[in-house]
1. Between copies, how far does the label point of D:G161 sit from its twins, in nm, shortest first, when each point is 7 Å from Cα along Cα→Cβ?
2. Work out, in µm²/s and without decimals, the Stokes-Einstein translational diffusion coefficient of the protein assembly as shown at 4 °C, 1.567 mPa s, Rh from Kirkwood over C-alpha pairs.
3. Please compute, over every Cα-Cα pair in region B:1-93, the percentage with a separation greater than 16 angstrom.
4. Quick one: putting +1 on the C-beta of Lys and Arg, -1 on the C-beta of Asp and Glu, what dipole do you get for region B:1-135 around its Cα centre, in Debye to the nearest 20?
5. What are the ³J(HN,Hα) couplings of region D:12-23, residue after residue, when phi is run through the Karplus curve with 6.51, -1.76, 1.60 and θ = phi - 60°? Round to Hz, x for glycine and proline.
6. Spin-label point model (7 Å from Cα, Cβ direction): what's the A:L160 to D:E159 distance in nm?
7. Just tell me how shielded D:7-15 is by partners: mean number of partner chain Cβ atoms within 10 Å of each residue's Cβ, no decimals.
8. What is the diffusion coefficient of chain A in µm²/s, taking the Kirkwood radius over Cα pairs and the Stokes-Einstein relation at 37 °C with a viscosity of 0.692 mPa s?
Protein chains: 4
Amino acid sequence: MIRIFVTGGTFDKEYNELTGSLFFKDTHLPEMLRLGRSRIDVSISTLMMIDSLEMTDEDRDLVARHCETCEEKQIVITHGTDTLTDTAKILANNVRDKTIVLTGAMVPYKFGSSDGLFNLGSALAFVQTLRTGVYIAMNGKCFNWNNVRKNKQTGMFEELG
Amino acid sequence: MIRIFVTGGTFDKEYNELTGSLFFKDTHLPEMLRLGRSRIDVSISTLMMIDSLEMTDEDRDLVARHCETCEEKQIVITHGTDTLTDTAKILANNVRDKTIVLTGAMVPYKFGSSDGLFNLGSALAFVQTLRTGVYIAMNGKCFNWNNVRKNKQTGMFEELG
Amino acid sequence: MIRIFVTGGTFDKEYNELTGSLFFKDTHLPEMLRLGRSRIDVSISTLMMIDSLEMTDEDRDLVARHCETCEEKQIVITHGTDTLTDTAKILANNVRDKTIVLTGAMVPYKFGSSDGLFNLGSALAFVQTLRTGVYIAMNGKCFNWNNVRKNKQTGMFEELG
Amino acid sequence: MIRIFVTGGTFDKEYNELTGSLFFKDTHLPEMLRLGRSRIDVSISTLMMIDSLEMTDEDRDLVARHCETCEEKQIVITHGTDTLTDTAKILANNVRDKTIVLTGAMVPYKFGSSDGLFNLGSALAFVQTLRTGVYIAMNGKCFNWNNVRKNKQTGMFEELG
């Protein structure tokens, strides 16, 4: 059994027709898993629905506590990409003996050109096969939490030096 | 570097507007990798573009030879789902010391409701993390080549007895 | 109030994941009208769900009778493109004092690249503005029933000589 | 021949992956016409690419001048919905002897759930069939310029009183 914790991020942003802006409503994770015809045993919990630029230390502590206390040993977290590495660090410092894979999307799932389904597929595969630790899965790659940064110019994740 | 061998299958089927039937033109793999914003080093070769029900022993031997002789140690093969396990068996009997992941799709990529991008994401993740051997990645899961069958009633892949 | 008669055709074809073939289930017209945020008063009736190559004389008579007897003066018919002109002729010979617009699609609505929504939007506009008669709306154009044919090479509708 | 003037609006908004905000790049009108397999003779000119809330009096005068001076008698204008009626009024006061249909979209074309293709199909049909005047085509309906408002609560266009 894999636990999926939803925190919001680009993954789940929607277009508000009345205001013309982006907002959060419900998570699209169940719909995405249906689209992928996923047969993995997962349990989905929405912890928050926020842009990761607005994520506070308290929010990250909350995510860490849920990772610590949940029964599952394999955890996928959907998260905004801007502070993905910050949350990964908190988790690495606080959670033991679990395989945690954080992932995100560059384009909302509801938009035609989203990378979300690709990233979700790879995150769920990495979490089933990697040893315990905290990882970031983006762009088909998997990074150790302490060896990755988001390149603000390209939007891509890359290894440090 | 990962090698991707394309053999056709539902993945790459398109709709022919003039005849109203499904057919093969070019592979959509490059487009799918762009959509996933993939940053993995891959080399794509189209070996054939056929429905897997039409795949002959010669075709499977051809796939096996390419897997043996290519430089890459990690190989993903896109393949029709109906005879995915037959090709996997040939590969298991003929190719040594490589990690080979076969994957497919239940719905063509060009249709709105395709599982292809999810499967491709997971196949590329599995091939990077699993030890040498031949595997089938479908529906978020990864099966050993000799412990899986396609359930014709549900369309899903499942472990043997 | 506009009446929409559904007869099937490419518009409503779906992909059967288990057999890999195309088939009919339910009409997508209500979903398409929702997508278009349509605020037109319409009443939708499914008369049949068939490929227009399989449409018999009895089927066309049935369509004609429904056009004659329904209360609405404005009628849109969704129809396979192969025999669209045959049905139009039967309607022109049998239905008086109504504006009837037949339309179709080159690619099923459920596929990513469908022209269906464009054609539906134009058909609903033409039926509101044209005088009584039988018309075919395809590719943004509107043809009189007796001055149009489908070009089998291009798939496009065009005026006669 | 129909002239299409592009002014921007929701129709053409795109998602910026790097900033997570919406922006304008190029118009999607040619792509939309291809998707609709349109066979209408059109000539597309981009006059501006802006949100209609930012449209100035000078901008509206520019649109009016182009409508006056272009050779075509049938004109479709894509426009943000928030001030669609303001521009329509300027056009009605300044342009003679042409059929002008303004249209827009509630959701950007590039997002999965856009009404844009439906509206474009209906606008192109209305402009071919209506007598000279200025109209607004939204939600499948066509309104006279002086008898319509956007309902800010529902996002829908409706007749006055």
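1. 5.7, 7.6, 8.3
2. Working: Rh = 26.7 Å.
Rounded, D is 49 µm²/s.
3. Working: 2412 of 4278 pairs.
Counting every Cα pair in region B:1-93, those more than 16 Å apart make up 56 percent.
4. Numbers: 14 positive and 19 negative charges, 126 e Å.
The dipole magnitude comes to about 600 debye.
5. Once rounded to whole Hz, the list reads 10, 6, 10, 9, 8, 5, 7, 9, x, 10, 8, 8.
6. About 6.8 nm separates the two model spin labels.
7. Details: counts 0, 0, 1, 3, 0, 0, 2, 3, 11.
That works out to 2 on average.
8. On the way: Rh = 15.6 Å.
Answer from the Stokes-Einstein relation: 211 µm²/s.
The values are calculated or read from the model by the stated rules, or taken from the named source; none is laboratory data. None of the values given here were measured: they were computed from a predicted structure. All Cβ positions, even for glycine, are placed from backbone atoms using ideal geometry, and neighbour counts span all protein chains on display. The area values use the complete protein model at the heavy-atom level, side chains included, leaving out ligands, DNA and RNA. Shrake-Rupley method; radii C 1.70, N 1.55, O 1.52, S 1.80 Å.
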